[in-house]
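Peer 1: This is the structure I have questions about; it appears just below.
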Amino acid sequence: MAEKKFGAKSTALEVIAGHDLSGRDAIVTGGASGIGVETVRALAVAGARVVLATRDRAKGDSVAATLRKETARDSIEFRALDLASLASVRAFVAEYLKLKRKLHILINNAGIMATPLAYTADGFESQFGTNHLGHFALTTGLLPALKAADKARIVELTSIGHRRSDVHFDDLNFHRRPYDPWDAYGQSKTANVLFAVGATERLRADSIVANAVHPGGIMSGLQKYVSREEQIKMGWIDESGTVNPRFKSTEQGAATSIWAAVASELEGVGGRYLEDCSVAKPWSSDSPFSGVMPYALDASHARQLWSVSEELIAQS
């Protein structure tokens with residue numbers, strides 16, 4: 001029987017239905033808010049042991065407790081992780097590896113968007129440092145657990161915002177070029193796609209694949225730095241505050257992450273940009289709200305980004 005096809009309006013629980021993840025371990029960064037909550041919920045409902053990783057201890061503990069109660073699953077736990085601090089990432093990795101667990105699913109879900117110019121604890125532009133380098137350090141640090149698992153999958157959250165900017169290797173941290181919050185966001189989201197390309201190329205021999213996921217537009221805390229006026233200008237909401245019908249619910253927004261984590265048709269398939277529970281086509285002006293820019297899938301850029309990222313985290 002062919003696997004059921006899903007689309008833009010599918011929910012995470014619909015996608016996970018029929019899958020048994022008993023005995024499998026997963027980590028979801030940013031699992032205490034937005035689509036992260038629904039991602040954790042779906043994985044737990046299917047029987048996975050899930051680590052909800054976020055920097056806010058009080059919120060993380062609270063959300064984990066609520067999800068355990070709502071799902072009747074005790075296999076949801078909180079662990080502290082601040083992706084804007086490589087020290088925090090390394091501490092998280094060290095503690096996880098001490099558990100001697102395999103890691104079957106890593107969903108790099110957390111992120112920030114369109115922030116004012118700021119730098120991480122290690123001196124990186126905040127969006128590049130958090131959205132890409134934090135997750136790069138986390139994933140490479142967790143490789144022993146990923147390699148120990150059977151056909152591990154890495155899911156890297158990206159965005160249609162990647163079309164705003166390629167990765168500017170000559171000035172990653174906006175030390176010389178003018179800072180634009182959306183260009184910085186775009187660079188970080190392109191980096192997320194390139195990381196999936198690079199990880200698949202490097203780790204396929206270990207039966208590990210990585211895919212990038214554009215979840216769609218979802219109203220959540222991600223918009224905290226985007227003014228009401230800017231949201232109206234971009235067509236996200238109208239003058240009365242009504243959300244554009246193109247936007248998804250959090251349950252729908254988590255669906256493609258779950259599809260990337262469990263879909264049988266993606267077994268052994270990596271280095272792709274996924275949206276609406278499918279592999280995206282190249283971006284076209286004829287369909288401006290979907291698709292992937294060619295530079296985000298460029299294998300040579302992916303290799304360059306990997307090498308640069310290794311150097312940056314080694315220096316910090």
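Peer 1: Among the residues of segment 210-218, is any in a helix (DSSP H, G or I) and in contact with a Ser or Thr (Cβ under 8 Å, 6 or more places away or on another chain)? Can you show your working first?
Peer 2: Of the residues in segment 210-218, the ones in a helix (DSSP H, G or I) are none.
No, every residue in segment 210-218 fails to be in a helix (DSSP H, G or I) and in contact with a Ser or Thr (Cβ under 8 Å, 6 or more places away or on another chain).
Peer 1: Looking only at segment 117-172, count every residue that is touching a His at 6+ places or on another chain (Cβ under 8 Å) and more than 28 Å from residue 265 (Cα to Cα) and tell me the total.
Peer 2: 2
Peer 1: Here's a follow-up. Within segment 180-223, can you find the residues that are aromatic (Phe, Trp, Tyr) and surrounded by 24 or more Cβ atoms within 10 Å (Cβ to Cβ)?
Peer 2: Within segment 180-223, 185, 195 meet the criteria.
Peer 1: Run residue 203 past the list (1) in contact (Cβ under 8 Å) with a residue 12 or more places away in the chain; (2) farther than 18 Å from residue 138 by Cβ; (3) not in a loop (DSSP other than H, G, I, E, B) and report the number of the one that doesn't hold.
Peer 2: (2) is the only condition that residue 203 fails.
Peer 1: Take residue 261 and decide whether it is among the aliphatic types (A, V, I, L, M) and either under 20 Å from the mean Cα position of the chain (by Cα) or surrounded by 17 or more Cβ atoms within 10 Å (Cβ to Cβ) (or both).
Peer 2: Working: among the aliphatic types (A, V, I, L, M): yes; either under 20 Å from the mean Cα position of the chain (by Cα) or surrounded by 17 or more Cβ atoms within 10 Å (Cβ to Cβ) (or both): yes.
For residue 261, the condition - among the aliphatic types (A, V, I, L, M) and either under 20 Å from the mean Cα position of the chain (by Cα) or surrounded by 17 or more Cβ atoms within 10 Å (Cβ to Cβ) (or both) - is met.
Peer 1: Determine whether residue 59 is of a type outside the set (Val, Ile, Thr) and closer than 14 Å to residue 251 by Cβ. Let's see the steps before the verdict.
Peer 2: Values: of a type outside the set (Val, Ile, Thr): yes; closer than 14 Å to residue 251 by Cβ: no.
No; evaluated as a whole, the condition is false for this residue.
Peer 1: Could you say whether any residue in segment 231-241 is farther than 18 Å from residue 162 by Cα and either in contact (Cβ under 8 Å) with a residue 24 or more places away in the chain or among the hydroxyl-bearing types (Ser, Thr, Tyr) (or both)?
Peer 2: There is at least one residue in segment 231-241 that is farther than 18 Å from residue 162 by Cα and either in contact (Cβ under 8 Å) with a residue 24 or more places away in the chain or among the hydroxyl-bearing types (Ser, Thr, Tyr) (or both).
Peer 1: Continuing with the same structure: Can you tell me which residue is modelled with the lowest pLDDT among those in segment 1-25 that are in a loop (DSSP other than H, G, I, E, B) and small (Gly, Ala, Ser)? Full working, then the answer.
Peer 2: Our first condition is that a residue be in a loop (DSSP other than H, G, I, E, B); within segment 1-25, this holds for 1-11, 17-24.
Filter once more, so that each one left must be small (Gly, Ala, Ser): 2, 7-8, 10, 17-18, 22-23.
On the way: 2: 45, 7: 95, 8: 94, 10: 97, 17: 97, 18: 96, 22: 98, 23: 97.
So, considering only residues that are in a loop (DSSP other than H, G, I, E, B) and small (Gly, Ala, Ser), the one modelled with the lowest pLDDT is 2.
Peer 1: Turning to a different aspect of this structure: Looking at this structure, is residue 147 among the basic types (Lys, Arg), over 11 Å from the mean Cα position of the chain (by Cα) and not in a helix (DSSP H, G or I)? Spell out how you get there, then give the answer.
Peer 2: Working: among the basic types (Lys, Arg): yes; over 11 Å from the mean Cα position of the chain (by Cα): yes; not in a helix (DSSP H, G or I): no.
No, not satisfied.
Peer 1: Against the definition (crowded, with 16+ Cβ neighbours inside 10 Å and within 17 Å of residue 201 (Cβ to Cβ)), how does residue 271 come out, yes or no? Spell out how you get there, then give the answer.
Peer 2: Working: crowded, with 16+ Cβ neighbours inside 10 Å: yes; within 17 Å of residue 201 (Cβ to Cβ): yes.
It is true that residue 271 is crowded, with 16+ Cβ neighbours inside 10 Å and within 17 Å of residue 201 (Cβ to Cβ).
Peer 1: Could you list all residues from segment 86-125 that are surrounded by fewer than 23 Cβ atoms within 10 Å (Cβ to Cβ), within 17 Å of the chain's Cα centre (by Cα) and among the small types (Gly, Ala, Ser)?
Peer 2: Across segment 86-125, the qualifying residue is only 114.
Peer 1: On to the next question. Where in segment 220-265 are there helices (runs of 4 or more DSSP H), lying fully within it, with 1 or more residues that are under 25 Å from residue 32 (Cα atoms) and modelled with pLDDT under 80? Outline the logic, then answer.
Peer 2: Values: elements: 228-233, 250-253, 255-262.
It comes to 228-233.
Peer 1: Just to be sure I understand, how many residues within segment 275-293 are assigned to a loop (DSSP other than H, G, I, E, B), of a type in the set (A, V, I, L, M) and closer than 21 Å to residue 15 by Cβ? Before the answer, list the steps.
Peer 2: Taking segment 275-293 as the starting set, the residues that turn out to be assigned to a loop (DSSP other than H, G, I, E, B) are 276-277, 280-281, 283, 285-286, 288-291, 293.
Adding the requirement that they be of a type in the set (A, V, I, L, M) leaves 280, 293.
Narrowing further to those that are closer than 21 Å to residue 15 by Cβ: 280.
Residues that pass the stated criteria total 1.
Peer 1: Within segment 54-81, how many residues are within 30 Å of residue 315 (Cβ to Cβ) and either touching a residue at least 40 places away in the same chain (Cβ under 8 Å) or not in a loop (DSSP other than H, G, I, E, B) (or both)?
Peer 2: As a first pass, look at segment 54-81 and keep what is within 30 Å of residue 315 (Cβ to Cβ): 54-57, 60, 79-81.
Imposing the further condition that a residue be either touching a residue at least 40 places away in the same chain (Cβ under 8 Å) or not in a loop (DSSP other than H, G, I, E, B) (or both) reduces the set to 54, 57, 60, 79-81.
Adding up the residues that qualify gives 6.
Peer 1: Which of the residues spanning segment 171-186 are outside any loop (DSSP other than H, G, I, E, B), within 16 Å of residue 129 (Cβ to Cβ) and out of contact with any strand residue (DSSP E or B) (no Cβ under 7 Å at 6 or more places or on another chain)? Walk me through how you get there before you give the answer.
Peer 2: Pass one, segment 171-186, residues outside any loop (DSSP other than H, G, I, E, B): 181-186.
Those still in the list that are within 16 Å of residue 129 (Cβ to Cβ) too: 181, 183-186.
Within segment 171-186, 181, 183, 185, 186 meet the criteria.
Peer 1: Here is a follow-up. Quick one: which of 242, 256 is loosely packed, with under 12 Cβ neighbours inside 10 Å and among the β-branched types (Val, Ile, Thr)? Explain how you work it out, then say what you get.
Peer 2: Values: 256 fails: loosely packed, with under 12 Cβ neighbours inside 10 Å.
When all the criteria are applied, what remains is 242.
Peer 1: Being part of a helix (DSSP H, G or I) and in contact with a helix residue (DSSP H, G or I) (Cβ under 9 Å, 6 or more places away or on another chain) narrows it down to one of 51, 28, 37, so name that one. First the steps, then the outcome.
Peer 2: Working: 51 fails: part of a helix (DSSP H, G or I); 28 fails: part of a helix (DSSP H, G or I).
One residue alone meets the criteria, 37.
Peer 1: Hey, another quick one. Any idea how many residues of segment 93-139 are more than 18 Å from residue 194 (Cα to Cα) and part of a helix (DSSP H, G or I)?
Peer 2: The qualifying residues number 7.
Peer 1: Among the residues of segment 301-311, is there at least one that is part of a loop (DSSP other than H, G, I, E, B) and either charged (D, E, K, R) or crowded, with 17+ Cβ neighbours inside 10 Å (or both)?
Peer 2: No, segment 301-311 contains no residue that is part of a loop (DSSP other than H, G, I, E, B) and either charged (D, E, K, R) or crowded, with 17+ Cβ neighbours inside 10 Å (or both).
The values are calculated or read from the model by the stated rules, or taken from the named source; none is laboratory data. Small disclaimer: the values here were computed from a predicted structure and weren't measured. Every residue, glycine as well, gets a Cβ built from its backbone with ideal geometry; the counts of neighbours run over all protein chains shown.
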